1. How far is helix 364-375 tilted, in degrees, relative to the longest principal axis of the Cα atoms in the chain, given as a value from 0 to 90 rounded to the nearest 10?
2. Taking neighbour Cβ counts within 10 Å as the exposure measure, how do 193, 89, 327 sort from fewest upward?
3. What's the center-to-center distance, using Cα atoms, between region 295-330 and region 197-216 in Å?
4. Report, ordered by chain and residue number, the lysines lying within cross-link reach of residue 337, taken as a straight Cα distance under 22 Å and ignoring same-chain residues fewer than 8 apart.
5. Counting only GluC sites (Glu not before Pro) that sit in a DSSP loop (anything but H, G, I, E, B) with at most 10 other Cβ atoms within 10 Å, what is the longest stretch of the chain containing none of them?
6. Please list, or write none, the lysines whose alpha carbon is within less than 17 Å of the alpha carbon of residue 189, excluding same-chain residues fewer than 8 places away.
7. What does the convex hull of the alpha-carbon atoms of region 39-93 project to on average, in nm²?
8. Return P(r) of region 195-270 (all Cα-Cα pairs; 5 Å bins starting at 0; whole %; ordered from short to long distances).
Amino acid sequence: MKIIAHLDKHASPLKGLPHNPSVLSNFRHGATPLHASVSKCRNNMKIIAHLDMDAFFAAVEEREHPRFKGRPIAVGSDPKGGKGRGVVSTANYKAREYGIRSATPISKAWQLSEQAEKSGKPSVIFLPVNMRLYSKVSKNIFKIVEKYTKLYEPASIDEIYFDLSHSKNFKEAEGVVKKIKEEIFEKEKLTCSVGLAKNKLIAKIASDFQKPNGLTVVLPGGEFKFLENLPIRKVPGIGPKSEEILNRAGINTVGNIVAVGKKKMEHLLGAHGKDLYFSAQGEGDDEMRPEEDPKSIGEQDTFGADTLNSDLITKRLYELCDGVFRSFKQSGFNSFKNLVLTVRFSGFETVSHGEPVGEKIKSLKDIRFESLRMLLPYLDKRKNPNLKKIRLIGIRLEKLSKKPPENRLPL
Ligand code: TTP
Ligand code: MG
């Protein structure tokens, strides 16, 4: 009998699963009893894990404030009694039951909390973002992973890929993952979800399959069975725009992508469509790239009221540059490739403009200069023909690297 996947779950077994009950029962039947027959790690076949912390910022806050245990928590900008204009960074799973999640406008989160309170449920605890603390915890977690394998690739503040191919087989690798999960829980009092598969793409989709506190193993050969009934949005690289285009063409599941074929996918989404066709069959990268850390450092801020006042906007831009510069100095990275400016207009239309100017930037003054140069066209008709007011601006450094030191910003 072929094992498609093995699921191991310590929390709610239904959370995060796709809506297709047949997939659920498939995987349930494939669980522990058959596991002894898992295939060995064949030549060239890698064993890759993807670990993602559960409700990261909110979970850290819950740990730091035991009195909030069990309460819904939203971490993000100041709700200002319902008048706040920023967004939620993340919400714990209790707050998600109210419909609050990452990127929910903070005013909407406030409303949802008030509604819940009226129906007798606990109100939401709103907390500000404490990035310094989360970065510290993130480093501690990555250090725990590093004890088990030197081949790893941090992918964001709360997620990391690591290579366990030195294990004899998937069963042994699963044992290592369990130890890592236990150590993270013991030392940091936090849970995470992990996916184990032959490449990064499947491991990432698998880590999201049973959140929170999940462990999902997709054995070699079982990739397509695992993927085929998942909604297309589960595939990294399919955002709301691609989803809409594909849905309109009747493509709703990963299996549909394969069924329509490469030509059709290319016709709908160009080269990206072709890539997705291969992804949908479970193909993907299995290399760890620790030096090419894709993490970015950025800050953004929503104005108290939409504005086109250039003094005010420039002042805020400089403050953001100062914050980003400070974080960069503390990050341990030495250089970056791209500087990205984000502008959100009234009505939420958002543009991001990035330029590969990292080489040029040697100081805080340079970041301020380049950011302002990129921003100015949005303050006049060059890139803002209707002179729309601006709601939010952001600055981000992308493609951070530990080398080369000649581009290091002065400390
Ligand atoms: P995620 O891993 O996407 O979310 P999460 O860890 O909060 O929840 P999950 O259990 O579903 O993994 O993001 C990690 C952290 O990054 C998150 O805790 C807060 C931050 N974040 C933002 O600030 N803004 C965002 O839009 C998202 C998606 C995340
Ligand atoms: Mg997470």
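1. Tilt of helix 364-375: around 90 degrees.
2. By the 10 Å Cβ count, ascending, the order reads 327, 89, 193.
3. 35 Å
4. Filter leaves 295, 329, 360, 362, 365, 399, 402, 403.
5. For GluC sites (Glu not before Pro) (loop position, at most 10 other Cβ atoms within 10 Å), the longest site-free span of the chain is 1-290.
6. 69, 136, 139, 143, 178, 179, 181, 211
7. Seen from a random direction, the Cα hull of region 39-93 projects 6.8 nm² on average.
8. Computed distribution, short to long bins: 3, 15, 25, 24, 16, 11, 4, 1.
Taken together, the values in this text are just the output of simple stated rules run on the coordinates, not laboratory data. No experiment lies behind these values; they were computed from the predicted model shown. Here Cβ is always computed from backbone atoms with ideal geometry, including for glycine, and neighbour counts include all displayed protein chains.
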